[in-house]
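K.L.:
Let me begin by handing over the structure; questions about it come next.
The values are calculated or read from the model by the stated rules, or taken from the named source; none is laboratory data. All of these numbers come straight from a predicted model, not from anything done at the bench. For neighbour counting, all protein chains shown are included, and Cβ atoms are generated from backbone atoms with ideal geometry for every residue, glycine included.
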Amino acid sequence: MLPMTINVTGDGLTNYLQQIRKFPMLTAEEEVSLARRWQETQDLEAVHKLVTSHLRLVAKIAAGYQGYGLPLSELISEGNIGLMQAVQKFDPDRGFRLATYAMWWIRAAINEYILHNWSLVKIGTTAAQKKLFFNLRRMKSEMGAIDDGDLKPEQVKSIAHTLGVSEQEVVSMNHRLAAADSSLNGLVGEDEDSEWQDWLADDREGPEAVVAERERKSSHAKLLTHALATLKERERQILIERRLKDEPATLEALARRYGVSRERVRQIEMRAFEKLQKAMKARVAEREQQSQMRRKGASDSNVVDSLPV
């Protein structure tokens, strides 16, 4: 990132837009000279002139994304980050202007910001879905479709074909874009004495569940350790390598290590796994028997204590 910051606040947005108009535009020769100064000497004054002369370009591009419900000030701030990245990577010897190169970085930065922050759209799993997100409004406008209404079947089919997505994805995205955001601080109830967020359930596990899960894992680990101790050394090592590691060893690698065939390694693995299961089941049964004996002993003691003296 370049050693400079550009702040755009919501309250000062109007003033900001007025101020950036004061920065002079650069000629092609000035642009090349400044870019070379930055590349060769890291001249901060040069990079400052390159960035500030293109702030109007960022504001213009950001204005085209206002339909996604995010503050223009935030869109401009993200676009400015893209601009600074473009300036850092700009090569003046390729023969094109900085604005031509920078607009792609600016749009990419704004696109990513919208995808990560617009509350109703958590897509971005494929390039086609991103393309649908950023082109649906434009295509609806070209078709004369009502902005917040449902699309006709032929319109859905046309958009899906053009953008390379399914018709269901088009319908789903259209509904998402048409829906309005609701604030978690919005008041609800007859007396409007509580907020939406007060009615949201906390999906995190409670302390009791966390402790119980920790004890379960600890018990399971002890059980596994005890069962592994019942195996022969080669069985134990092969089972660990094949079943208990994040990146299991291949049969071929273990065959070379132990000087046997791949099929023999597989047989040892399966036999060791069966022994392990048997040992763990036996251990569980033993624990259950001990638990029952303790409960029975406690019950007998209670009976004795209740006898009259």
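K.L.:
Out of 255, 227, which single residue is touching a helix residue (DSSP H, G or I) at 6+ places or on another chain (Cβ under 9 Å), surrounded by 10 or more Cβ atoms within 10 Å (Cβ to Cβ) and modelled with pLDDT under 90? Full working, then the answer.
P.N.:
Values: 255 fails: modelled with pLDDT under 90.
When all the criteria are applied, what remains is 227.
K.L.:
A further question on this structure: Could you tell me which numbered condition residue 37 fails, if it satisfies all but one of (1) more than 16 Å from residue 17 (Cα to Cα); (2) under 33 Å from the mean Cα position of the chain (by Cα)?
P.N.:
So residue 37 meets the others, but not (2).
K.L.:
Show the residue pairs that are 6+ apart or on different chains and have beta-carbon atoms under 9 Å apart, the first residue being within segment 32-47 and closer than 13 Å to residue 92 by Cα, the second being in a loop (DSSP other than H, G, I, E, B) and charged (D, E, K, R).
P.N.:
That search, which allows pairs on different chains as well, returns 34/43; 35/91; 37/43; 39/91.
K.L.:
While we're looking at this one, here's another question. Kindly establish whether residue 81 is surrounded by 23 or more Cβ atoms within 10 Å (Cβ to Cβ) and β-branched (Val, Ile, Thr).
P.N.:
Numbers: surrounded by 23 or more Cβ atoms within 10 Å (Cβ to Cβ): no; β-branched (Val, Ile, Thr): yes.
Considered against the rule, which asks whether it is surrounded by 23 or more Cβ atoms within 10 Å (Cβ to Cβ) and β-branched (Val, Ile, Thr), residue 81 comes out as no.
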